[in-house]
1. I'd like to know if region 55-74 contains one or more residues that are within 17 Å of Gly32 (Cβ to Cβ), modelled with pLDDT under 90 and out of contact with any strand residue (DSSP E or B) (no Cβ under 6 Å at 6 or more places or on another chain).
2. Which one is surrounded by the fewest Cβ atoms within 10 Å (Cβ to Cβ) among residues in region 83-98 that are modelled with pLDDT under 95 and either over 21 Å from Val27 (Cα atoms) or acidic (Asp, Glu) (or both)?
3. Failed condition for Val38, given (1) farther than 16 Å from Asn93 by Cβ; (2) part of a helix (DSSP H, G or I); (3) of a type in the set (A, V, I, L, M), with all others met?
Amino acid sequence: MSLNGRGAALFALLAVAGATQADETSVVLAEGAGVERVQAYCSMCHSLDYIVMNSPFQDRAGWDKTVTKMVKVMGAPLTPEDSAAVIDYLAANYGKPATAPRNQ
C-alpha cells in the first residue's frame with residue numbers, strides 16, 4: 001500500500017470513527033410544534049445534546065438570545081418565522097420557568 005493509500009485509509013477510518021462518536025440517534029427531543037425545525041436547523045451546526053444540556057439554564061429570554069446569536073453571529077439560515085417557531089418550541093419544552101421580579 002502506498003503512503004497515499006495509507007493516508008486515504010486512515011482518513012476513511014477516522015471519518016467513520018468520528019461519525020460514530022457524533023451519532024445522535026439516542027438524542028430524542030420532546031414532541032411538540034416546531035420540533036422538526038429544531039431538529040433540522042440546530043443539528044446543522046451542533047449536537048442536539050446542546051439543547052438538553054442548556055435547558056436547565058435557559059428561560060424564554062435566554063433561548064431568544066441564543067437563537068438570535070446563532071442567526072446573526074453564526075449565520076444560521078433561519079427566517080424570522082423559523083426563529084420564532086424554534087424559540088417557541090425551546091421555551092415550551094426546554095425552558096425553565098421565568099422568574100418573577102422580586103418585590104423590593
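The values are calculated or read from the model by the stated rules, or taken from the named source; none is laboratory data. What you are looking at is a predicted structure, and each value in this text was computed from that prediction instead of being measured. Cβ: placed from backbone, ideal geometry, glycine included. Neighbour counts: every protein chain shown.
1. Checked against the condition, which is being within 17 Å of Gly32 (Cβ to Cβ), modelled with pLDDT under 90 and out of contact with any strand residue (DSSP E or B) (no Cβ under 6 Å at 6 or more places or on another chain), region 55-74 yields at least one hit.
2. Pro97
3. (1)
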